[in-house]
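Structure, as structure tokens:
The values are calculated or read from the model by the stated rules, or taken from the named source; none is laboratory data. All figures in this text were calculated on a predicted structure; none of them were measured in a lab. Cβ placement follows ideal geometry from the backbone for every residue including glycine, while neighbour counts extend to all protein chains displayed. What goes into the accessible areas is simple: the full protein's heavy atoms, side chains included, and nothing from ligands, DNA or RNA. Shrake-Rupley method; radii C 1.70, N 1.55, O 1.52, S 1.80 Å.
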Amino acid sequence: MNKRNVFFTIVILIGLFIYIISNGKEEIEGMVQMVFVSEEESVPEVEDKNQVIVLSSEGYEMEDATYRAINGEMYIELEYINEQYAQGRFFFDKAAHLVIYTNSTTIMNCSLGGSYDLVKFTETTGPATFVFVPEVEEESSKEESSDEESSEEETEEEGEESSEEEEVLEELPEGSVYMNAEMLSKMFNLEFMYDEERQILTVQDGSMMRFVDVKESEEPVYLKAYAEAGNPFKTIIGDTKGYEVYRELKAGETLVYYGEEGDYYRVTDMKGLVAYVEKSAVSDVRYEEVGKVELDSYIMPAERLPEGPISVTWDYFYPGGGGYINDYIISEYSYAKEAVNVISPTWLHIWEDEYGEPTILSDMDQDYIDWAQSEGYQVWVMLENVDNTFSNIDNHLYEMLSVTETRQALVQQLLVWYQEYGFDGINIDFEGLETRVGPYYVQFMRELSAVLRPQGCVVSTDIGVPSAWTEHYGRDVLGEVCDYICLMAYDEHYTGDTTAGSVASYPWVLDGVLNSLNEGIPAEKLVLCVPLYSRVWWLNSNGEVMEDWSNGMSEVWEDMEDYGAQITWDADAGQYRAEHVFSDGSRYITWLEDTKSMQMRFDLALEQKLGGIALWRQEWETDELYDQIREYRAAAGAVIDPIEE
């Protein structure tokens with residue numbers, strides 16, 4: 001070819017190239033084929049058969065122990081379920097190998113490995129509802145454990161008989177309980193985007209899931225590997241990045257939205273594959289609320305509750321002395337009409353039998369109940385753990401509540417007594433609970449509520465003001481399962497205290513009320529308990545406490561006046577302060593209760609719209625106090641009938 005022909009050929013090629021660039025990119029792009037890449041290479045593989053990969057906006061999480069795959073089913077850690085969905089309604093009794101589910105009206109005991117329908121509350125067939133997964137142990141630890149078990153078996157005494165009928169459960173190691181996700185879904189109407197084949201769970205942060213839907217289109221819509229359009233000219237040199245796709249999408253297909261990059265949305269399909277789709281090919285982002293669970297609740301019929309605001313008085317009976325009614329008691333209550341509408345006699349006691357085993361001592365009296373109800377009072381029988389002299393009463397209470405069989409037997413016994421005697425409510429007064437007892441006390445109150453309240457029995461409990469040593473009382477749960485929570489706003493300075501001070505100064509009481517409300521107790525359920533007593537402190541000349549004692553509010557006033565004590569108003573405490581100095585420099589000091597200090601508390605109950613007030617205890621009140629309570633109840637909306645003189 002001569003130089004002239006070469007020149008013309010080059011000119012033609014250059015012209016053709018310019019034409020293609022200016023007019024023919026679309027034609028060339030249309031000729032470029034999509035490159036389908038493997039999905040499996042883009043999705044992580046599980047490292048063991050029990051692993052669940054959690055996909056979120058942050059990517060793939062390979063070590064999330066919240067979820068596990070067991071026999072092809074997804075399971076979720078029970079502790080997470082309690083926090084996220086069930087509000088603590090699942091309780092694991094490790095010693096008994098039981099998971100207990102308690103809703104507002106039903107208790108279901110589920111053995112590990114068994115299959116249960118927790119919607120219908122029946123046993124069923126199918127995968128295990130709950131499984132226990134031990135923590136990973138070193139081989140040496142396993143061998144040591146095995147050696148210990150063998151040693152224990154060999155050293156059993158000869159002749160020791162074991163019951164073949166009673167199954168002995170081996171002690172479970174450290175570990176976690178997991179619940180079948182499908183059953184959880186049925187219980188709480190939840191949906192989990194879990195791909196069994198890849199063992200990938202797709203989740204999103206927060207309470208909203210975000211989705212996009214593929215539009216109808218004449219052109220194919222692809223799930224792409226990269227968030228960029230392809231360049232047809234780069235394909236000449238082998239760069240197909242913009243044309244790499246996983247598959248073609250169908251119209252109407254839903255994708256989970258995780259963000260956007262330029263003209264693309266970052267999405268995942270229902271099988272857990274992270275990819276990209278063009279914004280123009282899908283709908284606007286739509287939002288769906290997820291994970292919101294509406295738990296059932298039992299609402300006590302209004303006719304079973306005392307007229308609010310309630311006013312409770314505790315009627316003290318010495319343990320073992322029996323409950324009784326006589327003319328003196330009747331005359332005492334003649335002044336309480338319309339001021340008090342609930343009487344709580346202290347009749348049931350955590351006790352010890354002749355063999356040193358925990359039991360319940362009952363002093364219930366049918367005649368007393370019949371009289372009180374005939375006078376228009378509700379009767380709430382108290383079960384308490386304080387009024388005894390047993391050194392190991394804390395252990396007894398722990399034994400009674402920590403063992404599911406005995407705890408639930410106690411609940412059933414209280415139901416039997418309720419049905420037998422016909423009282424109106426039960427009042428649980430478990431004070432000074434050890435931290436180890438806390439979870440079992442809360443579970444006891446759940447179970448007690450589920451059994452007694454649907455039968456019409458009002459359930460209440462007494463607790464101290466919020467503090468570091470009462471955190472384990474579970475106030476948020478009590479606010480859910482009880483009809484009333486009685487706040488014992490007294491013993492700010494208690495018997496045996498080394499510092500003299502008020503039994504219940506107003507600022508301390510105020511903090512107790514507000515903190516209780518902040519911890520989840522509804523105002524209409526919170527009952528403010530007031531002390532009808534004062535504590536007298538005997539201090540030496542150095543101001544050190546030598547002795548203390550308490551007595552009814554009017555008796556202490558009279559004693560201080562008889563001593564000629566100096567009585568002044570203590571504005572900081574919201575009480576009168578009395579002090580008498582003896583010739584040797586020692587002195588009596590006390591903070592007194594009267595109509596003025598009581599009125600401040602009644603006003604607080606009114607301002608905070610509390611469920612009522614309670615008095616500790618009967619026989620320490622005054623006629624003026626009853627007048628105040630009637631005024632308080634009337635101001636809060638109660639209908640108060642005129643009192644006959």
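Within the stretch 461-481, identify whether any single residue is in a loop (DSSP other than H, G, I, E, B) and open to solvent by less than 10 Å² (accessible area, probe 1.4 Å), and answer yes or no. No, the conditions are met nowhere in the stretch 461-481.
Are any residues in the stretch 208-261 in contact with a helix residue (DSSP H, G or I) (Cβ under 9 Å, 6 or more places away or on another chain), part of a loop (DSSP other than H, G, I, E, B) and either under 17 Å from SER57 (Cα atoms) or of a type in the set (Gly, Ala, Ser) (or both), and if so, which ones? The answer is SER217, ALA225, TYR226, ALA229, GLY230. Among the residues of the stretch 309-331, those identified as open to solvent by 40 Å² or more (accessible area, probe 1.4 Å) and either touching a residue at least 60 places away in the same chain (Cβ under 8 Å) or under 36 Å from the mean Cα position of the chain (by Cα) (or both) are TYR316, TYR318. Of everything in the stretch 577-594 that is farther than 21 Å from SER505 by Cα and of a type in the set (Ser, Thr, Tyr), the residue that is most open to solvent (accessible area, probe 1.4 Å) is SER583.
Residue by residue, here is whether (1) open to solvent by 10 Å² or more (accessible area, probe 1.4 Å); (2) in contact with a helix residue (DSSP H, G or I) (Cβ under 8 Å, 6 or more places away or on another chain); (3) modelled with pLDDT of 95 or more; (4) in a helix (DSSP H, G or I) holds:
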| position | (1), (2), (3), (4) |
| --- | --- |
| TYR494 | yes, no, yes, no |
| VAL513 | no, yes, yes, yes |
| CYS529 | no, no, yes, no |
| ARG535 | yes, no, yes, no |
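Quick one: is ASN542 loosely packed, with under 14 Cβ neighbours inside 10 Å and either within 17 Å of the chain's Cα centre (by Cα) or aliphatic (A, V, I, L, M) (or both)? It is false that ASN542 is loosely packed, with under 14 Cβ neighbours inside 10 Å and either within 17 Å of the chain's Cα centre (by Cα) or aliphatic (A, V, I, L, M) (or both). Can you find even one residue in the stretch 199-206 that is modelled with pLDDT of 95 or more and assigned to a loop (DSSP other than H, G, I, E, B)? Checked the stretch 199-206: at least one residue is modelled with pLDDT of 95 or more and assigned to a loop (DSSP other than H, G, I, E, B).
May I ask you to list the residues in the stretch 55-113 that are among the small types (Gly, Ala, Ser), within 17 Å of SER185 (Cβ to Cβ) and either modelled with pLDDT of 95 or more or assigned to a strand (DSSP E or B) (or both)? ALA69, ALA86, listed by residue number.
Just one of the listed residues (THR389, THR406) is loosely packed, with under 15 Cβ neighbours inside 10 Å, among the β-branched types (Val, Ile, Thr) and in a helix (DSSP H, G or I), and it is THR406.
If the condition is being polar (S, T, N, Q) and within 26 Å of VAL465 (Cβ to Cβ), then the stretch 403-433 contributes only ASN427.
Of the candidates VAL386, VAL437, the single residue that is of a type in the set (A, V, I, L, M, F, W, C) and more than 18 Å from the chain's Cα centre (by Cα) is VAL386.
Among the residues in the stretch 268-282, are any within 27 Å of LEU526 (Cα to Cα), open to solvent by 30 Å² or more (accessible area, probe 1.4 Å), more than 28 Å from the chain's Cα centre (by Cα) and not acidic (Asp, Glu)? No, the stretch 268-282 contains no residue that is within 27 Å of LEU526 (Cα to Cα), open to solvent by 30 Å² or more (accessible area, probe 1.4 Å), more than 28 Å from the chain's Cα centre (by Cα) and not acidic (Asp, Glu). Scanning the stretch 101-126 for residues that are more than 21 Å from the chain's Cα centre (by Cα) and small (Gly, Ala, Ser) turns up SER111, GLY113, GLY114, SER115, GLY126. The criterion of at least 2 residues that are of a type outside the set (A, V, I, L, M) and closer than 19 Å to TYR418 by Cα is met, among strands (runs of 3 or more DSSP E) falling completely within the stretch 264-383, by 310-315, 342-352, 358-362. Scanning the stretch 166-194 for residues that are open to solvent by 20 Å² or more (accessible area, probe 1.4 Å) and assigned to a strand (DSSP E or B) yields a count of 4.
If the condition is being without any contact (Cβ under 8 Å) to a residue 60 or more places away in the chain and either crowded, with 19+ Cβ neighbours inside 10 Å or among the polar types (S, T, N, Q) (or both), then the stretch 552-576 contributes VAL556, TRP557, MET560, ALA565, GLN566, THR568, TYR576. Exactly one residue among LEU383, LEU415 is at pLDDT 95 or above, surrounded by fewer than 21 Cβ atoms within 10 Å (Cβ to Cβ) and not hydroxyl-bearing (Ser, Thr, Tyr), and that residue is LEU415. Could you please find all residues in the stretch 239-252 being surrounded by 16 or more Cβ atoms within 10 Å (Cβ to Cβ) and within 45 Å of the chain's Cα centre (by Cα)? Correct list: LEU249 only. Of all the listed residues (GLU248, GLU253, GLU260), the sole one being without any contact (Cβ under 8 Å) to a residue 40 or more places away in the chain and either touching an Asp or Glu at 6+ places or on another chain (Cβ under 7 Å) or within 22 Å of ARG198 (Cα to Cα) (or both) is GLU248. Of the residues making up the stretch 392-416, those that are β-branched (Val, Ile, Thr) and more than 24 Å from the chain's Cα centre (by Cα) are ILE393, VAL416.
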